[in-house]
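Remarks on the structure that follows.
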């Protein structure tokens, strides 16, 4: 017996006593992987990467494992996709609006995106999550400021663009993270093993012996 099987047997024994035998150890292991996927998706989102789609893919994979509608159904999957698209659009509009409002160029917007990604990566080891957010915002400012300065804008104008990019980045992170948290809660609630729908079982019927005439 492998270590995974031993763990599954132990884990399943504990939770089967709570769930009336409706869930197996493997169900809980798969659910734990889904939890980790949601957490990873939220962290990637803070880095400026499309982490919310990891939540969507995790939900789809879980639905395929358990069966569509047993835990996660089509309504949940459609809701997650719609929320993900809205989050991406809002984040892009917020970031672009912040830079454009300050007079930034397309190159400056690209600099803000790259700077935010690099800043988030560098800030994560210093202070996870908080450092990621601060690093991403500061990186957006530095990236936009640097690019605008290179294309010939004055320090004052470049700083204005950098501040606008940082504000847009902060607003985009806030909105997208809120969407991501809502998506994670919806996914984990629908997939929770103790709440999954189970097919109804009909009591077995036994044939009655015919009466002798």
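Bear in mind that the values in this text are calculations on the coordinates, not laboratory data. Predicted model, so just to flag it, every value in this text is computed and none were measured. As a convention, Cβ positions derive from the backbone with ideal geometry for all residues, glycine included, and neighbour counts pool all protein chains shown.
Going by how many other beta carbons lie within 10 Å of each one, how would you line up 83, 109, fewest first?
Fewest-to-most ranking of 83, 109: 83, 109.
Once label points are set 7 Å from the Cα along Cα→Cβ at both residue 32 and residue 175, what is their separation, rounded to one decimal in nm?
3.8 nm
Could you work out how much longer the chain between residue 150 and residue 134 gets when fully extended? Use 0.36 nm per residue separation minus the Cα distance between them, nm to one decimal.
3.3 nm
Between residue 49 and residue 75, what is the label-to-label distance in nm when each label sits 7 Å out along the Cα-to-Cβ direction?
Taking the two extended label points, one gets 3.4 nm.
Just to be sure I understand the model, the point goes 7 Å from the Cα along the line to the Cβ. What's the resulting residue 40 to residue 88 distance in nm?
Modelled inter-label distance: 1.9 nm.
Return 169, 107 ranked ascending by Cβ neighbour count within 10 Å, so the fewest neighbours appear first.
107, 169
Taking only the alpha-carbon atoms of the stretch 21-195, what semi-axes of the equivalent ellipsoid follow from 5 times the gyration tensor eigenvalues under a square root, in whole Å, largest first?
So the equivalent ellipsoid measures 38, 15, 10 Å along its semi-axes.
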